Amino acid sequence: MAGTDGNDYLVGTYSNDYITGKLGNDTLVGSVGNDTMDGGAGIDYAYFSVDRSKVNIINVSRDSSLGFTLTDPLFNVTNLQNIEHVLLNGKNYDVDDLIYGHDAIHRFFNKKTGVHFYTASIDEATTLKEAKDSDLRYEGVSFQASESETGTANVYRFLNTSTGTHFYTSSDVEKEAVQKLSTFSYEGVAYKAFNNSSPGTSPLYRLFNTATGAHFYTASEAEMSTVSKTTATYRYEGVAYWIYATS
Ligand SMILES: [Ca+2]
Ligand SMILES: [Ca+2]
């Protein structure tokens, strides 16, 4: 069963289906049976009339772009590919967050500016991955932010309009200082993180590139150490805030 290159609503049969949405933003409904649903390009939704607590999500590779399986209480196994959202009894879950357990932060490398970009939005990540002639190379889920646990702080996102690079901070003091700079445009709350060490969290290290004026963030102590040792233009600034490491 195949959709069009526009936005489609496709419902499977009671046997095993292969449903592909092709281009556009599609909603795919598997019904009973062991189905394969491929959303294709665009922002796609897979619908199941089951609660989150009743389904099992299996993603061995921990890479949503390689697909994952969802098992429901009736033991139907659905293989999902290129799906960005799963609707479980009407509640919308980002696929990357289901796979990782927390708010997955995607990392891109801009080949032109040499600066990294981070986003918590699977829609933004998918759109950037699918953009043609993009300078951005996808590097995967870098770390996980918090959903809404108590004790979390907002991480604010700014765009440097002269360089096209982004800056992230959880400090209200720093936010106010950056907002006074004419080159920075405030883009809103990027995600949530902890300003202090909290059970299960890891530090996110922040480095400043004196050549580009941009910041680099990593949860990997090895990467932080390598970058600061091998690249003379990087200056280690300390822990930005606390997040969940990917593994
Ligand atoms: Ca379509
Ligand atoms: Ca898709």
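The numbers here are math on the coordinates, done by the rules we state, and not lab data. Remember, it's a predicted structure, so these values are computed and weren't measured experimentally. Ideal geometry is used to build each Cβ from the backbone, glycine not excepted, and the neighbour counts take in all protein chains shown.
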Have a look at the DSSP beta bridges in the stretch 32-129 and tell me what percent are antiparallel, nearest 5.
70
Descending packing, highest mean Cβ count within 10 Å first, for 93-102, 131-140 is 93-102, 131-140
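Assign one of three labels to the stretch 113-211, namely rounded, prolate or oblate, based on the Cα gyration tensor with a ≥ b ≥ c the square roots of its eigenvalues; rounded applies when a/c is under 1.5, prolate when it is not and a/b is larger than b/c, and oblate otherwise. Intermediate values should be presented prior to the final figure.
Values: a/c = 1.78, a/b = 1.19, b/c = 1.50.
Oblate, because a/c is 1.5 or more while a/b does not exceed b/c.
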Can you give me the long-range amide H partners of Asp17? Hydrogens built in the peptide plane at 1.01 Å from N, cutoff under 5 Å, separation of 5 or more residues or another chain.
Asn34, Asp35, Thr36
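How would Met1, Met224 line up from fewest to most surrounding beta-carbon atoms within 10 angstrom? All intermediate terms of the calculation are to be shown ahead of the outcome.
Numbers: Met1 15, Met224 21.
By the 10 Å Cβ count, ascending, the order reads Met1, Met224.
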Rounded to 0.05, the calculated FRET efficiency for the beta carbons of Ser185 and Ala2 at R₀ = 41 Å is 0.45
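Taking the Cβ of Ser146 as the centre, find all other residues whose Cβ is under 13 Å away and add up their charges (Lys, Arg: +1; Asp, Glu: -1). List each step's numbers first, then the result.
Values: positive: Lys192; negative: Asp97, Asp103, Glu147, Glu149.
My count for the surroundings of Ser146 gives -3.
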Please compute the length gained on full extension between Glu124 and Thr71, using 0.36 nm multiplied by the number of residues separating them and subtracting their Cα-Cα distance.
16.3 nm
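Indicate the gyration tensor shape class of the stretch 25-84 (rounded, prolate or oblate), computed on the Cα atoms with a ≥ b ≥ c the square roots of the eigenvalues: a/c under 1.5 is rounded; otherwise a/b larger than b/c is prolate and the rest oblate. Write out the running numbers ahead of the final one.
Values: a/c = 1.81, a/b = 1.25, b/c = 1.44.
Taking the square roots of the gyration eigenvalues as a ≥ b ≥ c, the stretch 25-84 is oblate.
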So what are the ³J(HN,Hα) numbers for the stretch 139-148, from phi and the Karplus equation (6.51, -1.76, 1.60; θ = phi - 60°), rounded to whole Hz, Gly and Pro as x?
10, x, 7, 7, 6, 10, 8, 8, 7, 8
Could you point to the residue in Phe75, Ala104, Asn7 farthest towards the positive end of the stretch 1-147's charge dipole, with +1 and -1 charges on the Cβ of Lys/Arg and Asp/Glu respectively?
Ala104
Quick one: Cα centre-to-centre distance for the stretch 119-173 and the stretch 37-112, in angstrom?
20
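Give Lys91/Lys112; Lys91/Lys192; Lys54/Lys132 a once-over and call out the pairs whose C-alpha atoms are over 28 Å from each other. All intermediate terms of the calculation are to be shown ahead of the outcome.
On the way: Lys91/Lys112 39 Å; Lys91/Lys192 21 Å; Lys54/Lys132 39 Å.
Cα-Cα > 28 Å for Lys91/Lys112; Lys54/Lys132; rest within.
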Please label the shape of the chain as rounded, prolate or oblate, based on the square roots a ≥ b ≥ c of the eigenvalues of the alpha-carbon gyration tensor (a/c under 1.5 means rounded; beyond that, a/b larger than b/c means prolate, else oblate).
prolate
Compute the distance in nm between two label points, each set 7 Å from the Cα along the Cα-to-Cβ direction, one at Glu176 and one at Ala222.
4.1
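Among 119-126, 36-43, what's the highest-first ranking by average C-beta atoms within 10 angstrom per residue?
On the way: 119-126: 19.4, 36-43: 21.4.
Highest-to-lowest ranking by the protection proxy: 36-43, 119-126.
Calculate how many DSSP beta bridges within the chain are antiparallel, expressed in % of all such bridges and rounded to the nearest 5.
Values: 54 of 71 bridges.
Here the antiparallel bridges make up roughly 75 percent for the chain.
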Total charge dipole magnitude, the stretch 74-162, about the Cα centre, Cβ charges on Lys, Arg, Asp, Glu only, Debye to nearest 20:
320
